[in-house]
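The values are calculated or read from the model by the stated rules, or taken from the named source; none is laboratory data. On a predicted model such as this, the values are computed, not experimentally measured, just so you know. Here the Cβ positions follow ideal geometry from the backbone for every residue, glycine too, while neighbour counts run over all protein chains shown. Surface accessibility is based on the protein's heavy atoms, side chains included, excluding ligands, DNA and RNA. Shrake-Rupley method; radii C 1.70, N 1.55, O 1.52, S 1.80 Å.
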Amino acid sequence: MSKLLLAWCAVFGMLCAGAVGDHLYICQHRFSVKEGFYVYDTDCSNYDDQALAKANFNEDRELWIRNGTIEDVRQLLNGSLYDITNLKITNFAQEGSTAIPVFPIDSMRFSILDLSNDGIERLEITEDDHRLTHLDVRKNKLTDIGNVKHLIKLESLKVDNNAIESVSLDDFKHLWDLLVLSLAGNRITSITATEEISLLKLRSIDISDNQLTTLDVSMWRFPQVSTFYMHDNSLTRIDGLRGKFSKTWDISMGGRNNWDCAWFDRLLEFLKKDRQFAMQMFGDKPSCPDETRMEGFVCCNNTTNVISP
């Protein structure tokens, strides 16, 4: 079947049946072929394993399966997706679909995995030599991500909007290629490290919208970080900051944080000393009754005499 006919079936909502030639007949009701194969309204309880193996994918080798039901995700990953390197399986947690509580990452073929909003409670990650460079597990139900330490080629890790309460950076110490780390919108109360963590390529950190009251970065060695978002926590100060983040210029510190004024004054002095920086604001300007508002939208309290950043 030609790509034109595949697209025609998608446009008119037809259910094309059979498994010959280069068909993408893998449990889909509607699909298109623009920039790779996109599969919608999936019911993978009776998919044809050989059909996908015969499909001719474009140069991107991308497959997007969006919402539905996958009866055996491990079989789908290891038995069918021979030519796929960029795999998106998303929105299986939405109404009318079936969530995927445990997702196995045990294939060395994929370089990009987008598993957002799938109802995932646990990732099973083997100790194989993975080629995975981008992992997106936003909007799931994960409580722990310690086993990402096996994904040593990761460049981007996005774990926003899960149920994580604590993070040990020790689990990241061998992710030397990591560029982006996003942990926003969890329930994180502590981020710890028992030894110096050197992520020399890291460019962006987002720990915003969590429940942090303290943060010690003395063990962090992230010299290339340019973006650091920490807004909407309950932070009053950051310990061990001296000499850190010399290239950071895009900063967000506002929202629910309630900084110590003396410490924050010294921080601003440090930030303005040798760089141009942008203090970002997300959401509404905070109301700071009986407090001092710094930089227009960051609240602080005159609560301590500690002034060293």
Spot the failing condition for Leu178; the list is (1) open to solvent by 10 Å² or more (accessible area, probe 1.4 Å); (2) part of a loop (DSSP other than H, G, I, E, B); (3) closer than 27 Å to Asn86 by Cα; (4) not polar (S, T, N, Q), and only one is missed. (1)
Can you find even one residue in the range 231-243 that is exposed (fewer than 14 other Cβ atoms within 10 Å of the Cβ), within 27 Å of the chain's Cα centre (by Cα) and either part of a helix (DSSP H, G or I) or at pLDDT 80 or above (or both)? yes
So Asn186 ticks every box in (1) open to solvent by 20 Å² or more (accessible area, probe 1.4 Å); (2) within 15 Å of the chain's Cα centre (by Cα) but one. Which box is left unticked? (1)
Which members of the range 162-175 meet the condition of being assigned to a loop (DSSP other than H, G, I, E, B) and either open to solvent by 70 Å² or more (accessible area, probe 1.4 Å) or charged (D, E, K, R) (or both)? Glu165, Lys173, His174
Between Leu267, Leu271, Leu202, which is assigned to a loop (DSSP other than H, G, I, E, B), surrounded by 14 or more Cβ atoms within 10 Å (Cβ to Cβ), aliphatic (A, V, I, L, M) and at pLDDT 70 or above? Leu202
If you scan the range 84-106, which residues turn out to be among the hydrophobic types (A, V, I, L, M, F, W, C), farther than 23 Å from Lys149 by Cβ and open to solvent by 10 Å² or more (accessible area, probe 1.4 Å)? Ala93, Ala99
